[in-house]
Amino acid sequence: MPELSIDPKSTALVLIDLQNGITRNSTAPHASGDVVSRAVRLADAFRSRGSTVVLVRVAYAADGSDRLKMLTDAHPPAPTPSADWSDLVPELGPGKGDIVVTKRQWGAFYGTDLELHLRRRGIKTIVIGGISTNFGVESTARDAYERAYALVFVEDATSAMNAEGHVFAMTNIFPRLGLVRSTNEVLAALG
């Protein structure tokens, strides 16, 4: 297993969909509350070192007109959002200097200014976590990989709607895109 080394200046922490309407759902193998708790630890550590912290959320127009409506065999559940559905969980922030990106689909790159923020700050590595492992996190990670960002997946600061989806991505997809590590391993590498 390659040694993990993190340069705070060229590394960004990108946390996907840690918002009220998503963290209220049951997740596995890690409870959403545990994912949020670990994400807060990571964000605080990255902020204290002057690193870039990006909080990504998904939001849609009230009438749903900006949601993807593709012909598929299985449609994702259409949320009936509460007023605070797309609000980031309060314990996470945003903190001073954090970047908040709002997306309208699974991935955080397409149709947003995420890449602009990362490139202008000289980011080369993305440490990524959030909910859901095999949807928002994976879609964003695949796009990041294709844009030549080095990736570090925080296994225990990421979870899915079911354990099978999480385990499949963590064992079959993410090791081919980057490094899979725990919160404690990332914090130790950050110094």
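The values are calculated or read from the model by the stated rules, or taken from the named source; none is laboratory data. None of these values were measured; they are calculated from a predicted model. Counting neighbours? That spans all protein chains shown, and the Cβs are built from the backbone with ideal geometry, glycine included.
So the values come out like this:
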item	result
Given (1) in contact with a strand residue (DSSP E or B) (Cβ under 6 Å, 6 or more places away or on another chain); (2) surrounded by fewer than 17 Cβ atoms within 10 Å (Cβ to Cβ); (3) over 16 Å from SER37 (Cα atoms), number of the condition LEU116 does not satisfy	(1)
Qualifying positions in the range 136-168 - surrounded by fewer than 21 Cβ atoms within 10 Å (Cβ to Cβ) and under 19 Å from GLY21 (Cα atoms)	MET161, ASN162
Number of positions in the range 7-29 that are crowded, with 22+ Cβ neighbours inside 10 Å and more than 19 Å from ASP84 (Cα to Cα)	5
Given (1) surrounded by 21 or more Cβ atoms within 10 Å (Cβ to Cβ); (2) within 21 Å of GLY97 (Cα to Cα); (3) of a type in the set (A, V, I, L, M); (4) touching a Leu at 6+ places or on another chain (Cβ under 8 Å), index of the condition LEU187 fails	(1)
Residue in the range 15-47 that is nearest to GLU138 (Cα to Cα), counting only those that are charged (D, E, K, R) and in contact (Cβ under 8 Å) with a residue 60 or more places away in the chain	ASP17
Every residue from the range 1-57 that is at pLDDT 95 or above, acidic (Asp, Glu) and at negative phi	ASP7, ASP34, ASP44
Residue in the range 119-131 that is in contact with a helix residue (DSSP H, G or I) (Cβ under 8 Å, 6 or more places away or on another chain) and at positive phi present	yes
